[in-house]
Each structure stands twice: as C-alpha cells, then as structure tokens.
Amino acid sequence: MSDRPIERPLDSAVRSAQDIRATARRLGHVHEAALTDDTPADAPPAAPRAVIGESWRRVRTSGVDPDGEQPQRLLPVAELEHRRGTSRLAAVLPVLNDGLLATADAAQQIMVVTDAEGRVLWREGSAPVRRMADRLGFDKGADWTEDTVGTNAIGTALVARRPVLVHSAEHFVRSHHQWTCAAAPLHDPRDGRLLGTVDLSGPAHTFHPTTLSLVSAVARLAEGELRTRHHRSLERLRSSAAPVLARLDGRALAVDPHGWVVGVTGLTPPDRVALPKTPEAGPLWLPRYGMCGLEPLPGGWLIRLGRPDREAGPGNVVLDVSGRDGATVTVSGPAGSWSHELTPRHAELLFVLAVHPQGRSAAELAQDLFGDAGRTVTVRAELSRLRRHLGGVLAHRPYRFADGVAVDVRMPPRPVHLLPQSLAPAVVAARRA
C-alpha cells in the first residue's frame, strides 16, 4: 500500500440522512458549476476535493460525456475466466470476503474486485444492489476505468495509486450520482506492481464516513496475505535448493521466478537478481554478473556464475507414471537432479506432452483431457500452475517440452494400469493401445 496519507473523503460530520442529502445537493452544485460551459472549470463557486478535481480534468480531456450512457463491452466469458485464473488476487478472495462481504450485505452495498486494467473480475453482495449495478453496466467483465466511465472510486484509485472515495455528484457521469463507492489499490508485495483494486459500492444514501478506512484496512490485510504466501514459497524453494547448492564448487544463486534470492554459494547473497520477464534455461547475460547459466529448480532457477557451456540445455526429464498411487517428474541437469510430485491433472498434462513432442495447442490439450476443445481456459490455468514448478522445462506456442529436453516416460508394466484414476480421453486411449 502507498504510504501517502488517505485524504479525508468528506466532512466527518456527514452522518445523518439529512446530512447526506445536504452533502449530495452541495456536491451537485459543485459538479454543475465545474462542467457548465460559461463557468470556468478551474474557478467554480465551490471547489471539489483535490483528488476529484484532478480526476475531472483528466476525464474531460479524455472525452467522456457526463450525460452519456457509457455502453459497456464486457469481456468474453473465456477471457474473464482466464484473467481470474491467472490473477494473484484469486488467492486473497477469502480475506476480502471475510473483511467486506458482511458489511456489504448489511449496508446494501456490493464488493467488487478488479484487475490492474480496471476490469471487474468478481462482484458479490446485496442482490438488489447488484441488479441496480447491472443497469449501469457495472457487471463482471466491465471496464471501470476513468477513460470509460469517468470519475469513480475504482478508476480514480488506479490512477492515484491510493484509496479513494467518490460520493454522489463527485462522479463525473450524472447517471452515477445516485451511487457512493470506496476503493483501495492492491499491490504485489514482491515488487510493488499494481494488481487491481477492491471496492465497496452502493446507493448514495448508504454512505458512511468509515467505509474508506474499512476498505483500506482490508486491502492491507490482503497484501499481508500475499506477503505471507510469498515467504512460504521462498521457504519451499530454499529447502529444495539447499542440497543442489551444497553439491556445487563454483559460484551460484538460487532464485524464485521473480529473482528473489533464497540461497547462494561462493558469493555474498544479494536480496534480488534482475531476471528477464520470461527467462529460459541456458546461457544468460545478467547485468551484475555477466554470462551465467540458468537451470530450472522446482519453483525457481539456479543461476551458475561465469561463462556457461553453451551446449548445456535445460536438462533431462523422467516422467514416472508407472505407479498406481501417483506420478512424479524428475529433472536432471549439470547441477544435479530434483523431483516433484504431480497432481493427477498435471500428470495427465505432462503425459500428453511427452507423447506429442511436436507440441499441442490449448484446444488440442482440452480435447485430450476433457473431450471438449472449448475448455481452453482450464487448460491454460493448469499449465500456468505447472510452469511455476517447471518453468525452464516447458515451452509454449505450442505447449511442449522445451528444446533440448530429453524426456523419458516410465510406463507401468501393463498399459491398463496407466494413471488408473484418469478419465482423460488421451490417457484412456493410451491404456487401450
């Protein structure tokens, strides 16, 4: 979360229904004065709050019509599911629900979670208010940025990068004047990257001065949960990397996919290494260390310092599906080997990729696993999870084992015992063969 102080949203004395109506009338006068052609926008009779005035100036420049209907083009269902499946905010939905849903229901409001592009990913809360939101196009998959719907808590918080409350006529578009909303941005604690926002919205008469503080506090709790999950993943990687580093004579670092260092040998440990956005196993030049070699680890990378063998690849893979109780994948490279237990779905995926070395598209994998080529969103989500462990071993476009990876599949003595719990069409066909 930003360290900037939260601007007091409105006069804290606004508590009674009469106060709320009076405040709405005052804000309406400010809005009309600021947007009337014969009244200078920078000198209305009463100035809007700074965060609102700055937003109104941005929105007017972008051409949003304050009297327009603001038609929405919702994301296709497949794209919405893909964004949900790959969003880090999915992991903290329980924290957000626990902190805000009870309040949303009691106060006739809805809780909304968006991604960093302002697209609504999740929406829960009061059923009557959800129906009201539907009439504004405020639905799952909607674009709630300033450029599309004008000043609002979600879009303005994304720009300001801090918690924002927008009440009644502080909204730029007049059809939103019957609403109040409070949103706080959510950041990735690993690198400060903006992940999205969490928002409470409802009819203007549901306004309460503490709403923004509540949303901000729950956002901090969610970021704390992300930080805790990050530390746990580092500990898991540290445990698997320690024996690998112990076997090395030269200088090396073990890092997670984002470059956070969990162990070193032969040098002073930095906090983090700047990795490319999509690193690949093999030679790599790093600004601080020069030519290095990357080898995959379960959930991260081994960086070997010094000029690497340019012929060295990402390693060899043994996919063991011979047992009836589970499957494992073992990756061997110059630094040694490590194994990872596979979920049933990931075992199916790796088996299909192993028997199709030329690669498979998401639609082909969906047909292989489910008998339905349309379930590409599920396939992509599972592959995204699998690549967290095998990022240097797997490639995409099409999905396949990376170039230079030698794959050995250890089958059961009798094909009928191949992944016995699996109903995937590709596995069933392999059993018959």
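The values are calculated or read from the model by the stated rules, or taken from the named source; none is laboratory data. Every value quoted in this text rests on a predicted model; they were computed, and no experiment measured them. Please note: Cβ atoms are built from the backbone with ideal geometry, for glycine as well, and neighbour counts cover all protein chains shown.
Being outside the structural domain of Ala183 (by TED's automatic domain parsing) and not β-branched (Val, Ile, Thr) is the requirement here; does Gly263 meet it?
Taking the combined requirement at face value, the residue satisfies it.
Are there strands (runs of 3 or more DSSP E) fully within the range 151-208 with at least 2 residues that are in contact with an Asp or Glu (Cβ under 7 Å, 6 or more places away or on another chain)? List them.
179-187, 194-203
Looking at Leu212, Leu234, Leu221, can you tell me which residue is buried (at least 16 other Cβ atoms within 10 Å of the Cβ), in the same structural domain as Val129 (by TED's automatic domain parsing) and not acidic (Asp, Glu)?
Matching residue, one of Leu212, Leu234, Leu221: Leu212.
Do we find that Pro45 is touching a helix residue (DSSP H, G or I) at 6+ places or on another chain (Cβ under 6 Å), loosely packed, with under 12 Cβ neighbours inside 10 Å, farther than 17 Å from Asp115 by Cα and at pLDDT below 90 in this structure?
When the stated conditions are applied, Pro45 passes them.
Considering only residues of the range 382-412 that are part of a loop (DSSP other than H, G, I, E, B) and either modelled with pLDDT of 90 or more or not assigned by TED's automatic domain parsing to the domain that holds Val321 (or both), which is nearest to Glu79 (Cα to Cα)? Quick ask: steps written out before the conclusion?
Restricting attention to the range 382-412, the residues satisfying the condition of being part of a loop (DSSP other than H, G, I, E, B) are 391-393, 396-398, 402-405, 411-412.
Filter once more, so that each one left must be either modelled with pLDDT of 90 or more or not assigned by TED's automatic domain parsing to the domain that holds Val321 (or both): 398, 411-412.
Numbers: Pro398: 19, Met411: 37, Pro412: 39 Å.
So the residue we want is Pro398.
Taking the conditions exactly as written (surrounded by fewer than 12 Cβ atoms within 10 Å (Cβ to Cβ), touching a Phe, Trp or Tyr at 6+ places or on another chain (Cβ under 9 Å) and farther than 30 Å from Pro357 by Cβ), does Asp249 satisfy them or not?
For Asp249, the condition - surrounded by fewer than 12 Cβ atoms within 10 Å (Cβ to Cβ), touching a Phe, Trp or Tyr at 6+ places or on another chain (Cβ under 9 Å) and farther than 30 Å from Pro357 by Cβ - is not met.
Residues checked against (1) in a loop (DSSP other than H, G, I, E, B); (2) surrounded by fewer than 16 Cβ atoms within 10 Å (Cβ to Cβ); (3) not polar (S, T, N, Q):
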| site | (1), (2), (3) |
| --- | --- |
| His346 | no, no, yes |
| Phe351 | no, no, yes |
| Ala354 | no, no, yes |
| Ala363 | no, yes, yes |
| Gln367 | no, no, no |
| Ala373 | yes, yes, yes |
| Arg380 | no, no, yes |
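Does Pro94 satisfy being surrounded by 15 or more Cβ atoms within 10 Å (Cβ to Cβ), of a type outside the set (Phe, Trp, Tyr) and farther than 20 Å from Gly141 by Cβ?
No; evaluated as a whole, the condition is false for this residue.
From the list Leu136, Leu121, which one is within 27 Å of Asp67 (Cα to Cα), in the same structural domain as Ser216 (by TED's automatic domain parsing) and modelled with pLDDT under 95?
Leu136
I'd like the full set of residues that are buried (at least 19 other Cβ atoms within 10 Å of the Cβ) and charged (D, E, K, R), limited to the range 141-161.
The answer is Asp143, Glu146.
Could you list, ordered by first residue, the pairs with Cβ atoms under 8 Å in which the first is in the range 168-184 and at positive phi and the second is assigned to a loop (DSSP other than H, G, I, E, B) and not β-branched (Val, Ile, Thr), at least 6 apart or interchain?
Between residues of the range 168-184 that are at positive phi and residues that are assigned to a loop (DSSP other than H, G, I, E, B) and not β-branched (Val, Ile, Thr), the close pairs are Ser168/His177; Ser168/Gln178; Ser168/Phe207.
Using the structure shown, decide if Thr265 is among the hydroxyl-bearing types (Ser, Thr, Tyr) and touching a helix residue (DSSP H, G or I) at 6+ places or on another chain (Cβ under 7 Å).
yes
Among the candidates Ser240, Ser233, Ser201, which residue alone is among the hydroxyl-bearing types (Ser, Thr, Tyr) and modelled with pLDDT under 90?
So the residue among Ser240, Ser233, Ser201 that is among the hydroxyl-bearing types (Ser, Thr, Tyr) and modelled with pLDDT under 90 is Ser240.
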